[in-house]
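Reviewing the structure listed below.
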Amino acid sequence: ETGVTQTPRHLVMGMTNKKSLKCEQHLGHNAMYWYKQSAKKPLELMFVYSLEERVENNSVPSRFSPECPNSSHLFLHLHTLQPEDSALYLCASSPGAKRAGNTIYFGEGSWLTVV
Amino acid sequence: RKEVEQDPGPFNVPEGATVAFNCTYSNSASQSFFWYRQDCRKEPKLLMSVYSSGNEDGRFTAQLNRASQYISLLIRDSKLSDSATYLCVVVRTGANNLFFGTGTRLTVIP
């Protein structure tokens, strides 16, 4: 059983749709992350939240909109996506965004296909 | 220069072989180091931390060389179930402080 749960596990959406990915962590961590992993590419950090405040945004297109209502929940709102946004979206959490010895734990991921 | 660099492989080795992966990092202020394992179409999972003195967990040995700025993972007596992608992670203080390598693909062949 993972301490980080993501829903939905699979999502197919049209380019005009609006959908959201949800992540919940049960580890008592203070930092949460969204990563994108495309086929045969390394993990790309999208957003980092620490104690519900966004501390990092790696110039992600505005069609991706994160929301962190509390330290246990993280959302990624999706709208007007492009086919090249199809990827595995991984949520993760860690004890803190700025701490040494920071071990990161991943959810099982949400497979997104944009058609 | 990338924060973390790994040989992407693939490494194809027979069962029972010993295989080693290296990962280099560019920032000498890096403080913590980890190896993660990612199976096909699954999320990365923590395999082991890497300590300055080196550490071992069964068939897996991790080492850190701060002078040369690299970490290594040694797998002895490879099993078919070891087939996966191995990611190194380097951590330092500050925002966005986790840096992933691109991963090294290992396939253990019967």
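Summary table below
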| item | result |
| --- | --- |
| When residues of the range A:85-107 are limited to those that are modelled with pLDDT of 95 or more and surrounded by fewer than 22 Cβ atoms within 10 Å (Cβ to Cβ), the one nearest to the other protein chains (Cβ to nearest Cβ) | A:Leu88 |
| Which numbered condition B:Cys88 misses (of (1) of a type outside the set (S, T, N, Q); (2) within 12 Å of chain A (Cβ to nearest Cβ); (3) surrounded by fewer than 14 Cβ atoms within 10 Å (Cβ to Cβ)) | (3) |
| Residue check for A:Leu74: of a type in the set (A, V, I, L, M), within 10 Å of the chain's Cα centre (by Cα) and within 29 Å of B:Arg105 (Cα to Cα) | no |
| Candidates A:Gln6, A:Gln25, filtered to the one that is within 11 Å of chain B (Cβ to nearest Cβ) and polar (S, T, N, Q) | A:Gln6 |
| Matching residues in the range A:1-19 - criterion: being touching a residue at least 24 places away in the same chain (Cβ under 8 Å) and out of contact with any Ser or Thr (no Cβ under 9 Å at 6 or more places or on another chain) | A:Thr2, A:Thr5, A:Gly14, A:Lys19 |
| Unique residue being more than 10 Å from the chain's Cα centre (by Cα), surrounded by fewer than 13 Cβ atoms within 10 Å (Cβ to Cβ) and of a type in the set (Val, Ile, Thr) when the list is A:Thr16, A:Thr7, A:Thr2 | A:Thr16 |
| Verdict on B:Val50 being crowded, with 19+ Cβ neighbours inside 10 Å and more than 9 Å from chain A (Cβ to nearest Cβ) | yes |
| Selection within the range A:47-65 - closer than 18 Å to A:Val114 by Cα and either of a type in the set (A, V, I, L, M, F, W, C) or not in a loop (DSSP other than H, G, I, E, B) (or both) | A:Val60, A:Phe64, A:Ser65 |
| Residue that is surrounded by the most Cβ atoms within 10 Å (Cβ to Cβ) [pool: residues in the range A:32-58 that are modelled with pLDDT under 90 and away from chain B (no Cβ under 12 Å)] | A:Glu52 |
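The values are calculated or read from the model by the stated rules, or taken from the named source; none is laboratory data. Please read these numbers as outputs of a predicted model, since none were measured by experiment. Positions of Cβ are backbone-derived with ideal geometry, glycine not excepted, and every protein chain shown enters the neighbour counts.
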